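As C-alpha cells, the structure follows; a few thoughts come after it.
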Amino acid sequence: MEPLEVSYRYAKVAPRKARLVVDLIRGASVNDALNTLRLTRKRTSAMVTKLLKSAVATASEKDVEPEDLLVSKAWVDSGPMRKGWFARPRGMAARMRFRTCHIHLVVSSAPEPEPEPEKKPAVEKKPAREKRPAAEKRPAKEKRPAKEKQPAKEKQPAEAEAKRP
C-alpha cells in the first residue's frame, strides 16, 4: 500500500502544544498510537485520535488491515493567527494571539522484515602486543633548603627624631 496522508487543518490549538502529542506517536503502530493517545492528558490528543481513526478508516477501504499500519510520518505546521485584544489599566489594550495549526499524519503499511544477512565467520584476532617495560622512574626533585630569615633592622628612635625639624 502506498502511504496515506491525512490532515487536520485549522486546529484551534498552538502548534507547540500539538507537537508534544504528535511526537509521542511518530513511528508507532496504529494500535499502540491509539492506546498512547487514549492515556495522554492533553486536549490535542482528542484531535489526533480523530485524525488517526480517519486514516485507518480510509486505509480499510483499500483492503488493508489496521494491525498492519503504522504512523510513518507526523508533523505540525502553524496555521493563521486570529488576533484580539484585552483591556489593560488606564484605558489601554494588549494584543492577544489565538494560534492555530495544521496536523499531518502519514500512515503506511509496516515494512516487511528483511531477512537477516548471513553472518561472516569471526576473524581470528591477532595476539595482543606485549607490554613495554615501564620507563625508568626519574628521581624526585630535591627540595631546596628554606631561606633563613634575616633579623629585621632595628630603627633607632633617637636618630629618627633628630632628623625631623
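Values in this text are rule-based calculations from the coordinates and carry no lab data. The model shown is predicted, which means the values in this text are computed figures rather than measured ones. Virtual Cβ from ideal backbone geometry, glycine too; neighbours counted across all protein chains shown.
I'd like the FRET efficiency for Glu61 and Arg90, computed as 1/(1 + (r/R0)^6) with the beta carbon distance as r and R0 of 45 Å, rounded to 0.05. Once the sixth-power term is evaluated, E becomes 0.15. Extension gain, Lys17-Glu5: 0.36 nm per intervening residue step, less the Cα-Cα distance, totals 2.2 nm. Projected onto their three principal axes, the Cα atoms of region 4-109 cover extents of 64, 24, 16 Å, largest first. Placing dummy labels 7 Å off each Cα toward the beta-carbon, the span from Ser109 to Ala46 is 3.5 nm.
Any of Lys17/Lys53; Lys73/Lys120; Lys53/Lys119; Lys42/Lys73; Lys62/Lys119 with alpha carbons more than 31 Å apart? Name them for me. Working shown, then result.
Working: Lys17/Lys53 21 Å; Lys73/Lys120 35 Å; Lys53/Lys119 42 Å; Lys42/Lys73 20 Å; Lys62/Lys119 39 Å.
With Cα atoms farther than 31 Å apart: Lys73/Lys120; Lys53/Lys119; Lys62/Lys119.
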